[in-house]
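Let me begin by presenting the structure, written as structure tokens, before commenting on it.
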Amino acid sequence: MRPEIWQPLLLSLKVALWATGINLVLGVAVAYGLSRWRSRFNATVDALLTLPLVLPPTVLGYYLLVLLGRRGVIGGWLDDLGLNPVFTWQGAVIAATLAAFPLVHKAARAAFEGVDAQLEDAARVLGLKPLAVFVRVSLPLAARGIVAGALLAFARALGEFGATLMIAGNLPGRTQTLSVAIYSAIEAGDDAGANVLVLVASATCVVALLVASRLTRERTPRRAA
Amino acid sequence: MRLDIAIQRHLDDPQRPFALDVAFRSNVGRLVLFGPSGAGKSLTLRAIAGLLRPDRGHVTVSGRTLFDDFRGVDVPARERHVGYVFQDYALFPHLTVAQNVAFGLRTGLCNPSRRRLPDAARHWMEVFEIDDLAGRHPSQLSGGQRQRVALARALAPEPQLLLLDEPFAALDTALRSRLRDSLVALQERLGLQMLVITHDPADVEALGQQVLEIRDGRIHGDARSG
């Protein structure tokens, strides 16, 4: 395979894996917290966290530039530490993480809300601390839904284009992901290259979706009735 | 006095505001709290177990104060050493029978192993004759088997008090009377104090050494059954 194909593919896989991993920790933690948080602001926070799903990716990218650019609120501070994420693959990870976050968060939230609260009560009465209740009861019972959400997030992160282009740019071999490479190939009139890239991207996403739908469909309510 | 309870708790649910105000003492082995659904029986049980925080009052079990708003005592549920058998048993669906029974014997971050079981779990599975169901999951059990698993799980950590929420409601009638007798036998053998809540007069008849009637969040009389 030519480096024009395997380089963007490997970079996209790396970015998508990082974004999925970060979202698994972040999305699950936020979802669990919100599913147990009784407050009238709950719905508002939930809507804000879903925003990346509906906002145009270029708008997301613009927000990221404003925040993380050299003169941005966080960017200026990061720049002093020599850690500016603009035009780096880490920048692409940030864009993909943000874009895919709602998918993990929504799935995890629904999964945690489906866990019978009485099972958590039973675990508390049996002597478990809150973290143990989470690890031994809530998380395993919500795992299937969380994994399904993570697979969707992986597919979304793999396909991220708009926000990635704005924050990470289009540097072949450094920040050029699969979606960006497809755009570049077509722009350059390299139809053969574009075809291969498109097929690789499609196949990866179809597999992720099939596995995700299989996991959600087989989810049988195994409650102690 | 083995059990000394006074609980006040106001629930401001806009559709159904409810005030729980119960106080009782008991020295008997089998105390029954009897009343219709919605009377506050489950709330009382939850408050004793530490799953619901009373606004005012105290909870004392065998001389140990578990809650006292005046003295600022509120022992967390996990440290109360109170056994709880939930109405639909609340068995962990992702764990086997053996893991369910051993659950409270391991309070760390890992669930008990499927194979290497603590001796206490083995003992309680033998007591309740569920040792040959060890590898099954709760969804594969009958109602009566589930109840035995729930009892074994609650008793394995050796609680000071056993709370039972409508323990026979999920079972068919034929099974109920047999299991009532075996519950009485078990309580007498262990000498453990039990608090049973029920809306079924037959439970009162079979189990109650002391019977308290609860209606609209208050205790109405201390009726002793024959």
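The values are calculated or read from the model by the stated rules, or taken from the named source; none is laboratory data. Because the structure is predicted, anything quoted here is derived from the model rather than measured. Glycine also receives a Cβ, built like all others from the backbone with ideal geometry; neighbour counts cover every protein chain displayed. Calculation scope for accessible area: heavy atoms of the full protein, side chains included, ligands and nucleic acids excluded. Shrake-Rupley method; radii C 1.70, N 1.55, O 1.52, S 1.80 Å.
Quick notes on this structure:
- Full extension of the chain between A:Glu113 and A:Ala143 gives 9.6 nm of extra length, using 0.36 nm per residue less the Cα-Cα distance.
- Spherically averaged projected area in nm², based on the convex hull that wraps the Cα atoms of the range A:89-158: 5.1 nm²
- Ordered from highest to lowest accessible area with the whole protein assembly present and a 1.4 Å probe, A:His105, B:His81 read as B:His81, A:His105.
- Kirkwood hydrodynamic radius over Cα pairs of the range B:101-215, then Stokes diffusion coefficient at 20 °C and 1.002 mPa s, in µm²/s: 140 µm²/s
- Considering only A:Ala192, A:Ala157, A:Ala110, the Gaussian network model of chain A with Cα springs below 10 Å gives its largest mean-square fluctuation to A:Ala192.
- Taking B:Arg153, B:Arg116, B:Arg180 in turn, the Gaussian network model of chain B (Cα-Cα springs below 10 Å) assigns the largest fluctuation to B:Arg116.
- Of A:Ser179, A:Ser138, A:Ser12, the one that fluctuates the most in a GNM where chain A has Cα springs shorter than 10 Å: A:Ser138
- Whole-percent carbon and sulfur share, accessible surface of the range B:8-111, 1.4 Å: 48 percent
- Relative contact order computed over the range A:1-154 (Cα-Cα under 8 Å; 6+ residues apart), in percent: 33 percent
- Once the partner protein chains are put back, the range B:84-111 shows a loss of at least 50 square angstrom of accessible area, versus the chain by itself, at B:Phe86, B:Asp88, B:Phe92, B:Pro93, B:His94, B:Phe103, B:Thr107, B:Leu109 (probe 1.4 Å, ligands and nucleic acids excluded).
- Cβ-Cβ FRET estimate between A:Val207 and B:Ser142, R0 fixed at 41 Å, reported to 0.05: 0.50
- Fraction of alpha-carbon pairs over 39 Å apart in the protein assembly as shown - percent: 39 percent
- Kirkwood-based shape ratio for the range B:13-120, expressed as Rg/Rh from alpha carbons: 1.02
- Per-selection Rg to Rh, chain B - Cα, Kirkwood hydrodynamic radius: 0.97
- Percent accessible area from carbon and sulfur atoms, the range A:91-225, protein chains only, probe 1.4 Å: 65 percent
- For B:Val73, the residues whose amide H sits under 5 Å from its own are B:Asp68, ignoring neighbours fewer than 5 places away on the same chain, with H placed 1.01 Å from N.
- Gained length - A:Leu81 relative to A:Val25, 0.36 nm times residue gap less alpha-carbon distance: 17.6 nm
- On association of chains B and A, roughly 2500 Å² of accessible area becomes buried (total for both chains; probe 1.4 Å).
- Accessible area per residue for chain B, computed on protein heavy atoms with a 1.4 Å probe, is 46 Å².
- Shown for chain A are the DSSP H helices of 24 Å or more along their axis, judged by Cα atoms, with a mean Kyte-Doolittle hydropathy of at least 1.0: A:3-36, A:139-159, A:191-217.
- Ranked by solvent-accessible area (1.4 Å probe, protein heavy atoms only, all chains present), the residues A:Glu120, B:Glu79, A:Glu187 order from largest to smallest as A:Glu187, B:Glu79, A:Glu120.
- Over the range A:25-125: Kirkwood hydrodynamic radius from C-alpha pairwise inverse distances, Å: 15.6 Å
- Quotient of the Cα radius of gyration of the range B:104-165 and 2.2 N^0.38 Å, N being its number of residues: 1.11.
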